[in-house]
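Shown next, in structure tokens, is the structure this report addresses.
The values are calculated or read from the model by the stated rules, or taken from the named source; none is laboratory data. All values derive from a computational prediction rather than experimental measurement. Methodologically, a virtual Cβ is constructed for each residue, glycine included, from the backbone with ideal geometry; neighbour enumeration extends over all protein chains shown.
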Amino acid sequence: MLSGETGAGKTMLLQAISLLLGQKAQVKLIRKGEEKAFIQASFILATHSPVHRLLQENGLDVDEEVTIHREITTSGKNRIFIENQPAPLPLLKSIAPYLIETISQHSQLSLKEVEIQLDLLDDYAGAHLERQTYQHSFLREIETGKLLREFLSEHEKKQALYPTWKQEYEELDLAKLKKGEEEELFQKYKKMAHRQDLLEEGSLLLKTMTEEPAALLQGLTGIHKRLDKLAKLDAQLVPLGDLVASASEAMTEVEMELMRYMESLEDTPEDFHKIDQRLSQIKFLQRKYKGSIEELCSYKERLLENIQGFESFDEEVLRKRLHYEEAKRQREKNEKILTDKRQEAAKKLGAALTESLQALNMEGAELRILIKETPAKLSGSDEVVFELAANGGDDFYDIREHASGGELSRILFALKLILAEKERGKTLIFDEIDANIGGMTAAILGKKLQKLGQSRQIICITHFPQVAAYADHHLQIMKTSLEGRSMTEVRVLSSEDKTQELMRMLGGRMELFSEPPSKGST
């Protein structure tokens, strides 16, 4: 239990806890004149707490106790450590919900939000797996429906393009273009265009090599014979004879290849005309489709894919429609499972809240939870409505529209008490949640907190002595002054000090207690 005068520093303590749970750090929180702020806390974890798994997935192994500390500097940099190992902010935020939950006097306003009421019912029902399964099927239905609509829309656009695709594909297919064909045809074209020059020059070469009086081949043969004779007189000339022999053999090979080449020049004018026409056809297609032969071949393949896709529309649209309908059926199935679980839980939670509200000094009060069908959305097809009849015989009304602050405070407190039994392990902080209730109800609330504190850690900030009296451990927050600077001091109260603090909270009148409290563990 934490108590103290207004402005003593209770809010500062809650801010420090929020920073340890991942709240955005602000430089203005650092004390004037200091370079950094340091916050640290230790948590004892339940054996099967999800925190173990989350930390292990990030390479951190902890036992039953985990220590978190955070440093904030005036430079704007801040560091987070879990078990003295640096940790990222997202990791801290992921484990925070399993460590502490803060319920403040402003939390009651969340009860007026439709989605919050639905979340609270799902928490009570333990319907998180069913909700997750439904959400997956809902998103699957959205995705398959989107794909179907996009496919139908694209098909409408392709209807206008289909005749063009067909005409262009037939034109390119008829052309039977081959990669590298243009260069090969150009070389043939150039050869045939210069056929006469090649024939004349080739004939002169052959004549030079074989027919003229000083024919090259005959000359080489004569040189080889003379060197052969000389080599018999001097062996040093043998290599020269071998060179001339090789040259003679090479020239003979040149003669033979040149003769074969000359024979290949006997193409007809018809052949030349065909090549010229083919090159003209290729140039025309390249100008029309603005690309090389390689690019035109690739374009033809894409045209074929488009044509085949368009012509297989009936088969493809049937497949996509079946996928969508199956996704829709699965969503409807999961939706019913989730709704059934919510309806069952709504009856039980309504009865439990009615009992708790009557125990919180609302005799005759009755709360019921209605589930109304809505169009399917990510959270389901249910709208949850909390309705209250504050007194016996009164009509029910929607708490979002007509409930008073005191009624909302009692409903929120009753909800947290009920849900706490289902969410064991984390610490609950009640921050002046008793702000809108009276003294007698405050005493009842204190007893409820005392009972809850027997199975988990409860931290309560209150100005009500009727609540504080039931605490097993009482800490007083005080503002003091040291060397001209304000300081906040947290003091553990002894039994005698606790009595004095309760007297202060009562304004000096102990008789305001409705009954002496028994020892608790809050």
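Miscellaneous remarks
- Condition broken by residue 343, with the remaining ones in (1) touching a residue at least 24 places away in the same chain (Cβ under 8 Å); (2) surrounded by 16 or more Cβ atoms within 10 Å (Cβ to Cβ); (3) polar (S, T, N, Q) satisfied: (2)
- Single residue of region 350-366 satisfying the filter (over 44 Å from the mean Cα position of the chain (by Cα) and part of a helix (DSSP H, G or I)) that is modelled with the highest pLDDT: 358
- Residues satisfying the stated conditions in region 391-400, i.e. closer than 21 Å to residue 113 by Cβ and either polar (S, T, N, Q) or free of Cβ contacts under 8 Å to residues at least 60 places away in the same chain (or both): 396, 397, 398
- Hey, residue 413 in contact with a Cys (Cβ under 6 Å, 6 or more places away or on another chain) and outside any loop (DSSP other than H, G, I, E, B) or not: no
- Flag for residue 157 being surrounded by fewer than 17 Cβ atoms within 10 Å (Cβ to Cβ) and either among the polar types (S, T, N, Q) or not assigned by TED's automatic domain parsing to the domain that holds residue 263 (or both): no
- Failed condition for residue 351, given (1) touching a residue at least 12 places away in the same chain (Cβ under 8 Å); (2) within 30 Å of residue 389 (Cα to Cα); (3) not basic (Lys, Arg): (1)
- Residues (touching a residue at least 24 places away in the same chain (Cβ under 8 Å) and farther than 18 Å from residue 20 by Cβ) located in region 40-58: 46
- Filter result for residue 300 (out of contact with any His (no Cβ under 7 Å at 6 or more places or on another chain) and modelled with pLDDT of 90 or more): yes
- Going through (1) surrounded by 14 or more Cβ atoms within 10 Å (Cβ to Cβ); (2) outside the structural domain of residue 177 (by TED's automatic domain parsing) one by one, residue 307 falls short only on (2).
- Residue in region 278-286 that is exposed (fewer than 11 other Cβ atoms within 10 Å of the Cβ), hydrophobic (A, V, I, L, M, F, W, C) and without any contact (Cβ under 8 Å) to a residue 24 or more places away in the chain present: no
- Within region 79-102, tally of residues that are surrounded by 14 or more Cβ atoms within 10 Å (Cβ to Cβ) and within 14 Å of residue 21 (Cβ to Cβ): 15
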